[in-house]
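Okay, so here's the structure we're looking at.
The values are calculated or read from the model by the stated rules, or taken from the named source; none is laboratory data. Everything numeric in this text was worked out from a predicted model, so none of it was measured. Here the Cβ positions follow ideal geometry from the backbone for every residue, glycine too, while neighbour counts run over all protein chains shown. The accessibility values were calculated without ligands, DNA or RNA, using every heavy atom of the protein model including side chains. Shrake-Rupley method; radii C 1.70, N 1.55, O 1.52, S 1.80 Å.
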Amino acid sequence: ALGRIVEQARRLGAVVASDECYAELGWGQWDPARGGQPVPSVLDPDVARGSHEGLLSVYSLSKQSNVAGYRAAFVAGDAALMPNLVNSRKHAGMIVPYPVQAAMAAALADDAHVQAQKDLYRSRRERLLPALEKFGLQIHDSEAGLYLWGTAGEDTWVTVDRFAERGIVVGPGVFYGDHGKGFVRVALTGTDERVDAAVERLG
C-alpha cells in the first residue's frame, strides 16, 4: 500500500512525508516478536523503488524511547528537499538544543531500551485486548501504536459511561472527528497495576 502511494505521488510530482513515529510499535503481522515483519519505512528499498526522490520519513523518539517532552525527532530522505527544511527550521526558531541532540544520539545507538519499551506495551496490550473484546468492544485499526480503537456499536457516550461506571477513563472517539462516532480510544500507557485493575473490572 505504501509503495502505491509513492508511485502515485511521483506521477503527480508530490512529496510523501511519512509519519513513522509508531514504526517500532507494530502489532500482530507487524510484530517480529510474534512472527510478523517490521513496519516498513517509506525509505525501504522495496517501498522507495531504489530512490529517495520526493520521500521524507518523519520520525520521533517520543514513542520508542518514551521521551515525548524532549521533542526529539528528525526527518530523513530526499537530500534535495533538506536545505529548505533546514532553513525553515532555523528561521522558525526550531533548532533542537544540543543536550536533546546528544540524548537522541544515545537513544538511537541503543536498541535494547526500545525492545524493553515495546515488550512492556505488548504485555499490556495482550492483557487489555481480550478484556475489551469480552466487554463487547470490536477493535479496529489498531495494528500499531499505544492505543486500542474500538466500538461497541452504540453511541460513544454510552460506551464512555459504561467504562466510567467501572472507574475506567477512555478517550471518546468523537473528540477525534466525525469518523470517531461510536468509538472509544483505550491507552496502553497506564502502569501495569492500573492495566491489571482495568482488566479485572472489565471481567
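Values for this structure:
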read-out: Two-site label geometry, Glu53 and Arg11: point separation in nm, points 7 Å out along Cα→Cβ; value: 1.7
read-out: Average silhouette area of the chain, convex hull of alpha-carbon atoms, in square nanometres; value: 13.7
read-out: Extension gain, Ala102 back to Met82 (0.36 nm per residue minus Cα-Cα distance, nm); value: 5.1 nm
read-out: Pairwise centroid distance, computed over Cα atoms, of segment 1-48 with segment 111-187, Å; value: 24
read-out: Electrostatic dipole magnitude of the chain [Cβ: Lys, Arg +1; Asp, Glu -1; Cα centre; debye, to 20]; value: 320
read-out: For segment 1-64, Kirkwood radius (reciprocal of mean inverse C-alpha pair distance, Å); value: 12.5
read-out: Solvent-accessible area per residue, Å², over the chain with all protein chains present [probe radius 1.4 Å]; value: 58
read-out: Relative contact order (percent, whole number), the chain, Cα cutoff 8 Å, 6+ residue spacing; value: 16
read-out: Folded to 0 to 90 degrees: helix 2-12 orientation relative to the chain principal axis, Cα; value: 50
read-out: Helix-only CD estimate at 222 nm, as mean residue ellipticity for the chain, using -39500 (n - 2.57) per DSSP H run (n ≥ 4); value: -12500 deg cm²/dmol
read-out: Reach of Lys134 by Cα under 12 Å, taken over aspartates and glutamates that are not fewer than 8 positions away in the same chain; value: Glu200
read-out: Percent carbon-and-sulfur accessible area, the chain, ignoring ligands, DNA and RNA, probe 1.4 Å; value: 55
read-out: For segment 92-185: relative contact order, % (alpha-carbon pairs under 8 angstrom, 6 or more apart); value: 18
read-out: Segment 50-139 - convex hull of alpha carbons, volume per residue in Å³; value: 170
read-out: Cβ-derived FRET efficiency at R0 30 Å, Val158 paired with Asp196, nearest 0.05; value: 0.70
read-out: Separation in nanometres of the label points that stand 7 Å from Cα toward Cβ, at Ala92 and Gln117; value: 2.3
read-out: Most to least accessible of Ile95, Ile5, Ile139 (protein chains only, probe 1.4 Å); value: Ile95, Ile5, Ile139
read-out: Helix axis angle, 192-202 relative to the chain longest principal axis, alpha carbon, degrees; value: 50
